[in-house]
Amino acid sequence: MVGGYMWQIIGAGAIGCLWAVNLLKSGQNVHLVSKNMSTFDNLHYQNIKGENFNFECSISNNLLPQKTPILVCVKAPQVKQALLKQRDNICQEQVIILMHNGMGTAEQIADIFPNNPIICATTANASLLISPFNIKQTGLGVTYLGAFNVQAKPVAELIKQLNNALDDCYWSDDIEQKLWLKLIINIAINPLTAIYQVNNGKLSEQQFQSKITTIIKEAAPVFIKQGVTFTEEELFIIINNVITATAGNYSSMNRDIFLNRPTENEYINGYLLKKASQYNIETPLIKSLYEQIKVLENHSLTAQDIH
């Protein structure tokens with residue numbers, strides 16, 4: 001196979017298709033597992049420069065019976081079900097890479113697939129799904145991967161193939177730090193943009209900045225307990241740099257609420273709340289945002305049922 005690898009990607013959303021087209025563009029082989037089926041098995045891609053590409057891609061509802069790395073790009077609430085559905089097609093030694101917002105799925109997957117190498121990944125690359133199998137890249141950023149279990153430590157060389165597709169891919173021996181950093185960024189940005197239905201840039205206004213300061217103060221004691229080393233000042237700067245860099249973008253949670261879809265609330269705010277509860281740490285604003293999103297989510301799902 002080209003480059004020694006064939007990749008199987010579960011999830012044909014914005015991020016799944018972004019990796020698919022860039023792996024194909026770099027000359028690697030890709031099989032895309034999607035709920036939707038494309039008549040033409042064709043992916044359309046507009047890169048960050050506005051250049052347009054079309055790629056033929058193998059697409060079906062199921063994984064192929066091959067021992068190739070599986071990149072899971074569905075949202076956190078869908079990860080467990082997506083992999084359970086493919087259970088008969090997954091070998092024990094097959095690498096499973098989880099790439100989504102939020103935390104908590106790796107523990108679930110390790111219980112179901114105890115012998116598989118499991119890798120956690122976080123990416124700052126951004127993409128917009130315009131229509132099925134048609135994406136526009138909206139942001140460039142760093143991607144980190146790291147071993148969740150001991151079985152995954154020997155497979156760090158996979159990073160080379162991913163870096164050939166999208167630059168700035170790195171292996172991290174302390175992926176927990178990266179995941180917690182991404183989590184606090186999501187906690188600060190996603191619920192506020194979803195509740196108030198604003199783009200990321202709007203969060204630079206004072207009314208939101210004060211809320212972000214409180215979110216960081218509430219999360220900081222949990223971070224210390226988890227061994228995460230970022231200071232409150234560092235987190236404030238990092239979060240605001242993301243707000244500035246993605247000012248015109250709408251968060252995934254914003255779009256989920258807007259489009260009456262389930263959110264990743266349980267794996268973002270919900271995950272931090274579980275940890276805070278274990279340590280008897282009070283997080284009133286984070287809890288309030290979590291509950292507000294739950295209400296909006298329930299309204300969305302009720303509206304969907306009515307229609």
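When restricted to residues that are farther than 22 Å from P262 by Cα and of a type in the set (V, I, T), region 273-294 contains 2.
Residues checked against (1) surrounded by fewer than 19 Cβ atoms within 10 Å (Cβ to Cβ); (2) at negative phi; (3) among the hydroxyl-bearing types (S, T, Y); (4) in the same structural domain as G141 (by TED's automatic domain parsing):
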residue	(1), (2), (3), (4)
P191	no, yes, no, no
Q197	yes, no, no, no
L203	no, yes, no, no
I216	no, yes, no, no
K225	yes, yes, no, no
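Tell me, yes or no, whether region 118-125 has at least one residue that is at pLDDT 95 or above and farther than 30 Å from G248 by Cα. Yes, region 118-125 has at least one match. Note on region 263-300: residues that are surrounded by fewer than 16 Cβ atoms within 10 Å (Cβ to Cβ) and of a type outside the set (A, V, I, L, M, F, W, C) total 12.
Selection of strands (runs of 3 or more DSSP E) fully inside region 1-101 by the criterion of at least 2 residues being modelled with pLDDT of 95 or more, buried (at least 22 other Cβ atoms within 10 Å of the Cβ) and not assigned by TED's automatic domain parsing to the domain that holds F148 returns nothing. Considered as a group, the residues in region 229-247 that are outside any helix (DSSP H, G or I) and without any contact (Cβ under 8 Å) to a residue 60 or more places away in the chain include one that is farthest from S210 (Cα to Cα), and that residue is T229. Being part of a helix (DSSP H, G or I), over 23 Å from the mean Cα position of the chain (by Cα), over 26 Å from D174 (Cβ atoms) and among the small types (G, A, S) holds for only one residue in S210, S277, and it is S210. Test Q137 against the stated conditions and say whether it is within 18 Å of the chain's Cα centre (by Cα), touching a residue at least 40 places away in the same chain (Cβ under 8 Å) and closer than 26 Å to N42 by Cβ. Yes.
The values are calculated or read from the model by the stated rules, or taken from the named source; none is laboratory data. All figures in this text were calculated on a predicted structure; none of them were measured in a lab. Using ideal geometry, Cβ is built from the backbone for each residue, glycine included, and neighbour counts are taken over all protein chains shown.
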